[in-house]
Amino acid sequence: QRKTLRSVTVPTLLLCGEDDRLCAVSRHEMMRDLIPGARLSVIPGAGHLPTLEQPILTNRILETWLKL
């Protein structure tokens, strides 16, 4: 799917938990590097479900990104 990621042309935020065991931060970093202009936010103290594990911080990051 690397070719697909390189072709993304919309603003993109990648969000993950720093303790995610299903999709490691390194995988998100790779996706960020392939998507032109993508941003990556890593949520401390969260695993695979940062919206449930750190909802306040997750919402804060989303709100900031949406205002860009």
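Quick rundown of the values:
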read-out	value
Those residues of the stretch 35-56 which are within 13 Å of the chain's Cα centre (by Cα) and not in a loop (DSSP other than H, G, I, E, B), in sequence order	R39, L40, S41, V42, I43, P50, T51
Count of the stretch 30-47 residues which are touching a strand residue (DSSP E or B) at 6+ places or on another chain (Cβ under 9 Å) and surrounded by 14 or more Cβ atoms within 10 Å (Cβ to Cβ)	11
Top-ranked residue of the stretch 48-68 - restricted to ones that are among the charged types (D, E, K, R) and farther than 20 Å from C23 by Cα, ranked as most open to solvent (accessible area, probe 1.4 Å)	K67
Of residues in the stretch 1-18 being assigned to a loop (DSSP other than H, G, I, E, B) and under 13 Å from the mean Cα position of the chain (by Cα), the one nearest to L49 (Cα to Cα)	E18
Residue tally, condition in contact with a helix residue (DSSP H, G or I) (Cβ under 7 Å, 6 or more places away or on another chain) and hydroxyl-bearing (S, T, Y), over the stretch 1-52	2
Residue list for the stretch 1-22, restricted to those being loosely packed, with under 13 Cβ neighbours inside 10 Å and either farther than 19 Å from R60 by Cβ or in contact with an Asp or Glu (Cβ under 6 Å, 6 or more places away or on another chain) (or both)	Q1, R2, K3, T4, R6, S7, T9, V10, R21, L22
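The values are calculated or read from the model by the stated rules, or taken from the named source; none is laboratory data. Predicted, not measured: the structure shown is a model, and the values here were computed from it. Every residue, glycine among them, receives a Cβ derived from its backbone with ideal geometry; neighbour counts consider all protein chains shown. All accessible areas refer to the heavy atoms of the entire protein, side chains included, with ligands and DNA or RNA removed. Shrake-Rupley method; radii C 1.70, N 1.55, O 1.52, S 1.80 Å.
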